[in-house]
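Notes for the one structure printed next.
The values are calculated or read from the model by the stated rules, or taken from the named source; none is laboratory data. No experiment lies behind these values; they were computed from the predicted model shown. In this analysis, Cβ positions are derived from the backbone assuming ideal geometry, glycine residues included, and neighbour counts consider all displayed protein chains. Accessible surface areas use protein heavy atoms only, side chains included; no ligands, DNA or RNA. Shrake-Rupley method; radii C 1.70, N 1.55, O 1.52, S 1.80 Å.
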Amino acid sequence: MNLKELAEQISARFLEQGVKVPASEIEQRLHSLFYDFKVPIEEATRSVVSYYSKLHPKQESASATEVSYTKITDISAEDKWINLRARVVQLWEPNSPSIAQVGLLGDETGTIKFTSWSNANLPILKDGQSYSVRNVVTKSWQGRFSVSLNKASEIVPLDEEVAVGRAEEEIAGAIIDVQSGSGLIKRCPECSRVVVKGYCAEHGKVSGVYDLRIKGVLDNGEVVTDVLFNRELTERLTGITLAQAKEMAMEALDQNVVADAMKAVIIGRYYVVRGNKTPRWLLITDFKEPAQIKEEDIGTILERAQELL
Ligand SMILES: [Zn+2]
């Protein structure tokens with residue numbers, strides 16, 4: 001790869017857009033990124049183009065600033081140069097003067113530790129703020145990945161907020177109870193709150209929209225967890241679709257028959273569930289069955305189930 005030729009190409013591209021950037025200046029930057037910071041040449045090119053595009057925002061072209069962002073859960077190797085769209089979810093006290101900042105960055109898929117090195121002289125990241133964080137290097141320590149913010153990194157605050165997904169939890173256990181408010185329910189068309197006797201707590205009398213859900217209790221032999229299955233997962237879990245549930249309720253003139261039928265299918269069955277933890281619920285995103293139940297857990301599970309009868 002000839003950096004000089006590449007620099008001339010980039011310079012020519014900017015000139016087409018009416019921006020004069022000397023090829024020698026571009027070459028210098030490319031040289032530094034490529035040789036001093038070992039940035040792969042594609043990344044170095046992208047970084048340089050992005051740098052000058054930002055200096056001349058009026059001539060900024062969409063193609064010049066297209067950056068591909070890696071999702072945090074997709075990070076699978078160390079020493080890779082990546083870009084993240086992430087929010088600062090936590091900041092810790094650095095334990096060394098060589099570290100400017102250390103904390104957690106999060107995106108829709110999860111969170112990752114970051115270290116911003118003092119000698120990189122990067123802008124200070126604010127807790128809760130979302131950023132485009134470009135040209136960071138993945139690191140791995142004791143099986144966990146982190147990212148290193150260095151001299152070649154670029155940090156741009158974002159106007160929009162990046163939603164942060166929590167890491168999913170997986171639990172294996174038996175469903176020992178199905179709570180009230182499960183089965184066929186009606187939701188407010190305005191706010192999706194569950195409608196009780198035709199009334200939404202926020203919007204008063206509304207004509208509700210039917211939905212399915214399961215509020216279950218899962219016992220893994222050590223702890224019980226409140227688990228919430230949405231409509232799609234409830235249909236898969238129970239084999240009863242929303243259409244069938246409506247029919248059942250109409251026939252019986254009673255909505256509760258649906259929850260009863262669902263209980264009959266799932267109580268006492270063993271599942272491996274995955275979901276996002278909230279203070280009260282594990283919001284299930286996926287589940288599978290059957291799985292191997294641990295011998296030693298069976299007794300405890302049966303005892304707990306009996307207490308609830
Ligand atoms: Zn409402």
Original post:
Taking the highest mean first, how do the peptides 253-261, 227-235 order by number of other beta carbon atoms within 10 angstrom per residue?
Top reply: 227-235, 253-261
**OP:** Might you report the magnitude of the Cβ-based charge dipole of the chain about its Cα centre, with Lys and Arg at +1 and Asp and Glu at -1, to the nearest 20 debye?
**Re:** 640 debye
Original post:
Check Val227: other-chain or 5+ apart residues with amide H under 5 Å from its amide H, H built from backbone geometry?
Top reply: Gly216, Val217, Leu218, Leu282
**OP:** Just order 155-162, 34-41 by mean Cβ neighbour count inside 10 Å, highest at the front, would you?
**Re:** 34-41, 155-162
Original post:
So how do Thr73, Thr238 rank on accessible area, 1.4 Å probe, biggest first, that is with the largest at the start?
Top reply: Thr73, Thr238
**OP:** Report the relative contact order of the range 1-140, percent, no decimals, based on alpha-carbon pairs under 8 angstrom and at least 6 residues apart.
**Re:** 19 percent
Original post:
Where does the chain land at 222 nm, in deg cm²/dmol rounded to the nearest 500, when only DSSP H runs of n ≥ 4 count, each adding -39500 (n - 2.57), divided by all residues?
Top reply: -8000 deg cm²/dmol
Subject >> Point-charge dipole on Cβ atoms (K/R +1, D/E -1) for the range 157-247, about Cα centre, debye to 20 >> reply: 720 debye
**OP:** Mind ranking 270-277, 132-139 by how tightly packed they are, going by the mean number of other C-beta atoms within 10 angstrom, highest first?
**Re:** 132-139, 270-277
Subject >> Charged-residue dipole, Cβ positions (Lys, Arg, Asp, Glu), the range 72-157 about Cα centre, Debye nearest 20 >> reply: 100 debye
Subject >> Leading residue at positive end of dipole, the chain (Cβ point charges), from Ala259, Gln129, Ser182 >> reply: Gln129
**OP:** Taking H placed 1.01 Å from N in the peptide plane, check which residues at least 5 places from Val195 or on another chain put their amide H under 5 Å from its amide H.
**Re:** Lys186, Arg187, Cys188
**OP:** Over all alpha-carbon pairs in the chain, figure out the percentage whose distance exceeds 37 Å.
**Re:** 42 percent
Original post:
Can you give the convex hull volume of the alpha carbon atoms of the range 184-274 per residue, in Å³?
Top reply: 110 Å³
Subject >> In Hz, Karplus ³J(HN,Hα) per residue of the range 188-198 (6.51, -1.76, 1.60; θ = phi - 60°; x = Gly, Pro) >> reply: 5, x, 7, 10, 6, 5, 6, 8, 10, 6, x
Subject >> Rh (Kirkwood; distinct C-alpha pairs) - the range 99-144, Å >> reply: 11.9 Å
Original post:
Taking +1 at the Cβ of each Lys and Arg and -1 at the Cβ of each Asp and Glu, which of Cys191, Phe14, Ile214 sits farthest along the dipole of the chain towards its positive end, judged by Cα position relative to the Cα centre?
Top reply: Phe14
Original post:
Can you list, largest first and rounded to whole Å, the semi-axes you get for the range 90-184 by taking the square root of 5 times each eigenvalue of its Cα gyration tensor?
Top reply: 35, 17, 11
**OP:** Would you mind checking the tilt of helix 295-308 against the longest principal axis of the Cα atoms of the chain, expressed as 0 to 90 degrees and rounded to 10?
**Re:** 60 degrees
**OP:** Would you work out the relative contact order for the chain, in percent, from Cα pairs under 8 angstrom that are 6 or more residues apart?
**Re:** 12 percent
